[in-house]
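Enquirer: One structure is given below, represented as structure tokens, and several questions about it will come after.
Laboratory data are not the source of any read-out in this text; all were calculated from the coordinates shown. Everything quoted here is computed from the prediction, not taken from an experiment. Glycine gets a Cβ as well: all are built from the backbone with ideal geometry, and neighbour counts include every protein chain shown.
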Amino acid sequence: MTRVYEGFTTTFADPADWSLPAVLRHHASATPDATFLMVPTEDREWTYGESLASAERIAGALHDAGARAGDRLVLMAVNSSRFVRSYLGAAVGGLVEVPVNTNYEGEFLRHQVQTVEARFAVIDDVQAERFVAIAEHARGIEKFWVIDTGGGDAAIALLRAHGWAAEPWDVLEEGTPRELPAPRAQDLGAVFFTSGTTGPSKGVAMPHSQLYFFAEIVVNLTRLTSADTYLTTTPLFHGNAQFMAVFPALVAGGRAVVRPKFSASRWIDHVRESGVTVTNFVGVMMDFVWKQPPRDDDADNTLRCVYAAPTASSIVDGFRTRFGIEAFVDAFGLTETCAPIMSPYGEERPPGAAGLANADWFDIRLVDPETDREVPVGEIGELVVRPVRPWTCSGGYFNMPEKTVEAWRNLWFHTGDALRRDDEGWFYFVDRYKDALRRRGENISSYEVEQGVLAHPAVVECAVIGVPAGIEAGEDEVMAVVVADGAADPAEILDWCRGRIPEFAVPRFVRLVDALPKTPSEKVRKAALRDDGITTDTFDRQAGPTPTQGRADGLRR
């Protein structure tokens, strides 16, 4: 019998209340003295009542500066309480938040600022020079509020010298609250940009209710309640921290702990220091923590649940025992669609399974990417999604109608992700379609090979690509590009893989590099690795090392 995800509930029953301002006002009224936001590096906490009061002052200041509902506010800053309070204030004021990656500059920054037609910006002082560098393209911004990280006065002077109005961020906190129309659940709440690995990044237009529903998914996944404390260490300009960590804590009436960045060596200390009960991992974060030297007191903590996307199935049992964790959960989705595939809390999943279909809220299919016809159970197909209920998915890409039509063709959102489903209803991520490999008649998931290589104690990061086989047209050889900690032997890494991944998927080529090429949002640029192909420093297990065997710089180490 095919299973689906069951028991999904919504904390706020009326969809008209599915907006950040409505949720914040509810908790500020019901439990004004309960702690909402904790920022240990600032040695400061904010209650629900204080958070709402701050948001109302900031909203007032934004409107005093000429902002109106629907205007876009760029946020380009590292994690801090000011970042959180800025987007709370933007939401209460009816503005549209546009978080921008702090690594962006030049064309990346210009594209996003111009695409959303931003009128206002909150930035760290160190970002001022980047806006000056694209000044002719950023004249639509009327005013900056600058967060002082050590050079605030100089940054404000620089912006003013180039014709912009600019003030310290603290001026926002001096605003006067005013009566403002509450944004509706269907109104645009934020524009989150994709990483743009295959072209210009696309701004996902997210209504308030979608942002809320994303948070509700995490509440259900982790069984989050007002008794919980949720830690995030990922950047607030990503959805993982905002609507999959801070907002879920808000929906549940719990506490959100925000730290500036992830530290594998201090992760368990941070969990203990703040009494964290729930947290999340993205990508290789889980593996980084696992490879830290074990301590006798690792299990002495309050942690109950970890949302790991993806969950590293090869180490999950050991991780659970080592740190005394009750449950690992996972889900599969995209910024455009929320997460239509979810794993039941506390249930053992088949290795590699992401979860079951949340069929009450989403229609999902696996289809042939050429024909859009559904593939049989067990076969690989492209995941396509559409919402069952209104305003729980994005309606398109902001100011990019052609990309919207392309992605939402045939009335389904096309994810570009290859998945398969088994007879019981479990879904398994296979690969991005553009990253899929085929070797000797076998389809290979680069993701699954990467997980096998990453399990090696010396491997820090890994990207698996296909390179021409040179034998049969249309087929690939498997190549692993590896960042290793200290000395690493490519042949030993490949020996490690045997028995952990199918023999046909064991890479033929291994290339050691100092760093993987990445987009500004830290996604691996596999296209660049494919362009490099087989270099002189690549190990070929069929031929042995080349004369310059070593890392990408050709040096032996």
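Enquirer: Taking the Cα atoms only, what angle lies between the long axis of helix 20-30 and the longest principal axis of the chain, rounded to 10 degrees?
Expert: Orientation of helix 20-30: about 60 degrees from the principal axis.
Enquirer: A follow-up question, please. Can you give me the Cα centroid spacing of segment 98-139 and segment 338-393 in angstrom?
Expert: Value for the Cα centre distance between the two parts: 36 Å.
Enquirer: Same structure, new question: Distance in nm between label sites at Val171 and Asp422, each 7 Å beyond Cα in the beta-carbon direction?
Expert: Spacing of the two 7 Å Cα→Cβ label points: 6.0 nm.
Enquirer: By how many degrees, between 0 and 90 and to the nearest 10, does the Cα long axis of helix 208-222 differ from the longest principal axis of the chain?
Expert: Long axis of 208-222 versus the principal axis of the chain: about 60 degrees.
Enquirer: Follow-up. Per-residue ellipticity at 222 nm for the chain, helices alone: DSSP H runs ≥ 4 residues times -39500 (n - 2.57), over residue total, nearest 500 deg cm²/dmol?
Expert: That calculation yields -7000 deg cm²/dmol at 222 nm.
Enquirer: What spacing in nm lies between the two simple spin-label points modelled at Glu45 and Arg389, each 7 Å away from Cα in the Cβ direction?
Expert: Modelled inter-label distance: 3.3 nm.
Enquirer: Could you list Ser394, Ser313, Ser29, Ser201 in order of exposure, starting from the residue whose Cβ has the fewest other Cβ atoms within 10 Å?
Expert: Placing the least packed residue first, the sequence is Ser29, Ser313, Ser201, Ser394.
Enquirer: Along the positive direction of the dipole of segment 452-540 (beta-carbon charges: Lys, Arg +1; Asp, Glu -1; about the Cα centre), which of Val467, Val524, His456 reaches farthest?
Expert: After comparing all options, I get Val524.
Enquirer: Determine, for Ile58, Ile380, Ile493, the number of other Cβ atoms within 10 Å of each Cβ, and report the residues in order from fewest to most.
Expert: Ile380, Ile493, Ile58
Enquirer: Apply the Karplus parameterisation 6.51 cos²θ - 1.76 cosθ + 1.60, with θ equal to phi minus 60°, to every residue of segment 303-308 and state each ³J(HN,Hα) to the nearest whole Hz, in sequence, with x for glycine and proline.
Expert: 5, 10, 9, 10, 9, 10
Enquirer: Under 1.5 on a/c is rounded, so check that first for segment 452-540, then, if it is not, pick prolate when a/b is larger than b/c and oblate when it is not; a ≥ b ≥ c are the square roots of the alpha carbon gyration tensor eigenvalues.
Expert: oblate
Enquirer: Checking the cross-link filter: which lysines have an alpha carbon closer than 25 Å to that of Lys143, excluding same-chain neighbours under 8 positions apart?
Expert: Leaving aside lysines fewer than 8 places away in the same chain, those within reach of Lys143 are Lys202.
Enquirer: Which of the listed residues, Cys305, Phe323, Pro293, is farthest toward the dipole's positive end in segment 284-325, when Lys, Arg count +1 and Asp, Glu count -1 at the beta-carbon?
Expert: Result: Cys305, furthest along the dipole toward the positive end.
Enquirer: What spacing in nm lies between the two simple spin-label points modelled at Arg530 and Asp64, each 7 Å away from Cα in the Cβ direction?
Expert: 5.3 nm
Enquirer: What is the angle, in °, between the Cα long axis of helix 48-64 and the longest principal axis of the Cα atoms in the chain? Nearest 10 is fine, range 0 to 90.
Expert: Value to nearest ten degrees: 70.
Enquirer: Using a/c under 1.5 as the rounded threshold, could you call the chain rounded, prolate or oblate? The axes a ≥ b ≥ c are square roots of the C-alpha gyration tensor eigenvalues, and prolate needs a/b larger than b/c, oblate otherwise.
Expert: Because a/c hits 1.5 or more and a/b exceeds b/c, the chain counts as prolate.
Enquirer: Also: Calculated FRET efficiency, Glu273 and Glu129, Cβ-Cβ r, R0 25 Å, to nearest 0.05?
Expert: The formula returns an efficiency of 0.10 here.
Enquirer: Rank-order 402-413, 238-249, 298-309 by packing density, defined as the average count of other C-beta atoms within 10 Å over each peptide's residues, highest first.
Expert: 238-249, 298-309, 402-413
Enquirer: Taking the Cα centre as origin and putting +1 on Lys and Arg beta-carbons and -1 on Asp and Glu beta-carbons, what dipole magnitude results for the chain, to the nearest 20 debye?
Expert: Value, rounded to 20: 420 debye.
Enquirer: Same structure again: Based only on other Cβ atoms within 10 Å, what is the fewest-to-most ordering of Met286, Met342?
Expert: Least to most surrounded, the residues fall as Met286, Met342.
Enquirer: Another question, then. On a full-extension model of 0.36 nm per residue, what is the gain between Arg320 and Thr9, subtracting their alpha-carbon distance, rounded to one decimal in nm?
Expert: This chain segment gains 109.3 nm when fully extended.
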